[in-house]
Each structure stands twice: as structure tokens, then as C-alpha cells.
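Here the structure is laid out as C-alpha cells; the discussion comes afterwards.
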Amino acid sequence: MLKHVVILSMLVALVVIGCQQEEPPSTERILDEDAINQVLDNYVTAVETGDTTLYFSLVAHDTDMVNFGVFGGPIYGWQGLKDAITNQFASLSDVKITVTNVNIHDSGCIDWAWATSLWQFQATMGDRSFDLPVRCTWILQNRDGTWVIVHFHKSASQG
């Protein structure tokens, strides 16, 4: 019985500690703000130019991912994101994104980070022009030495 209590206590401690565990001595921190900034810059470039190949290289291809754009409901899974972005790129022209207030945050985990930024998003859809202030939140994971976006949430700011 005592053995089960000790094992259960150890499992609870691991869950509570989560990714705050001490890194192995031979492992250097993977967080590289320059690399993460490059992913976010490339994301903007892909959206501005409608480059699906670049865009799809920057995001995880996870079937269980859920993302949130400015409009519409949640975007479920890799195929849902692929379809949404393909449709968005086909629908928009003259896209210009001005990015400010980029903040990259160390999650405390060896291979995870999160970031926030503000966009001024300008685009044309048909004969209608948009100029929206957008708040962005990004979660990134380092997979085999490459940072990828595993989740994003964008919302239109009121000012």
C-alpha cells in the first residue's frame, strides 16, 4: 500500500511540475528568439504573398490542432487549416501586414515558446477593402531543430 502511495505521489508531482523540470546537464536551451522571429516574419510574408508552400512549412500538420482566425469558427486539424488558408489566399489581394509589439516568451519548457504581436492587416476582397487591427497569439514548438507554429489565435481589436 505504501508503495502505491509513493508511486502515486511521484506521478502527481511530475504532473504538477510539468515542463518546469530541470534540463539534463548536456542539453542546451533550444529557445532561439531570432529563429522564432524568423518563423513569425515568414508567416507574414506567406500571408502577404499568398505563398501556400511557405505557409505550410511554418505550421504543424497535426490532425488534433485547433486554431482561431479573426473571423468564423475554430479551424480544426491540419486539413481544416490547409483548406481555410487556401481559400483565404484565393479570396484576398493587396495584402499588407504591419507588425508591432512582438514579444517572445520562454514557456519554461525546453522546446516550447509563445509569442504575441499586433498586426495592422490591410487587404482587398473583391471590391471591398479591409483595414483591421489584429491581436495575435502564437504557440511554437521546436521539432527536430525547427520551430513550427502549433497554435495561433487572432482577434480583431476594437482600436
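Full extension from residue 42 to residue 143: what is 0.36 nm times the residue separation minus their Cα-Cα distance, to one decimal in nm? Write down the numbers at each step before the final one.
On the way: separation 101, 0.36 × 101 = 36.36 nm, distance 1.73 nm.
Extra length from residue 42 to residue 143 when fully extended: 34.6 nm.
Just want the ordering: 33, 48, from fewest to most Cβ atoms lying within 10 Å of their own Cβ. Mind dumping the intermediate values first?
Values: 33 13, 48 16.
Fewest to most other Cβ atoms nearby, the residues stand as 33, 48.
Provide the gained length on full extension for the span residue 156 to residue 79, in nm with one decimal, where the gain is 0.36 nm per separating residue minus the Cα-Cα distance. Show your work: numbers first, answer last.
Numbers: separation 77, 0.36 × 77 = 27.72 nm, distance 2.43 nm.
Between residue 156 and residue 79, full extension yields an extra 25.3 nm.
Would you mind ranking 143, 128, 135 by Cβ crowding within 10 Å, fewest neighbours first?
128, 143, 135
Determine, for 98, 52, the number of other Cβ atoms within 10 Å of each Cβ, and report the residues in order from fewest to most. Let's see the in-between values first.
Values: 98 11, 52 15.
Final ranking by Cβ density, sparse to dense: 98, 52.
Quick one: net charge of residue 95's neighbours, Cβ under 12 Å, K/R +1, D/E -1?
Values: positive: 96; negative: 48, 51, 94, 131.
For residues surrounding residue 95, the net value is -3.
Using a simple spin-label model with points 7 Å from Cα along the Cα→Cβ vector, what separation in nm is obtained for residue 128 and residue 52?
Distance between the two pseudo-spin positions: 2.3 nm.
Taking only the alpha-carbon positions of segment 40-110 and ignoring solvent, what does the Debye formula give for the base-10 log of I(q)/I(0) at q = 0.19, 0.20, 0.25 Å⁻¹?
-0.91, -0.99, -1.29
Over segment 31-156, what is the relative contact order in whole percent, taking alpha-carbon pairs under 8 Å and six or more residues apart?
On the way: 235 pairs, mean separation 30.6, N = 126.
Contact order relative to length: 24 percent.
Compute the length gained on full extension between residue 91 and residue 34: take 0.36 nm times their separation in residues and subtract their Cα-Cα distance, giving the result in nm to one decimal.
Working: separation 57, 0.36 × 57 = 20.52 nm, distance 3.16 nm.
Fully extending the segment from residue 91 to residue 34 adds 17.4 nm.
With the alpha-carbon atoms as the only input, what is the per residue convex hull volume for segment 31-156 in Å³? Show your work: numbers first, answer last.
Working: hull volume 12.3 nm³, N = 126.
Cα-based convex hull of segment 31-156, divided per residue, equals 97 Å³.
Every read-out reported here was derived from the displayed coordinates using simple, explicitly stated rules and does not represent laboratory data. The model shown is predicted, which means the values in this text are computed figures rather than measured ones. In this analysis, Cβ positions are derived from the backbone assuming ideal geometry, glycine residues included, and neighbour counts consider all displayed protein chains.
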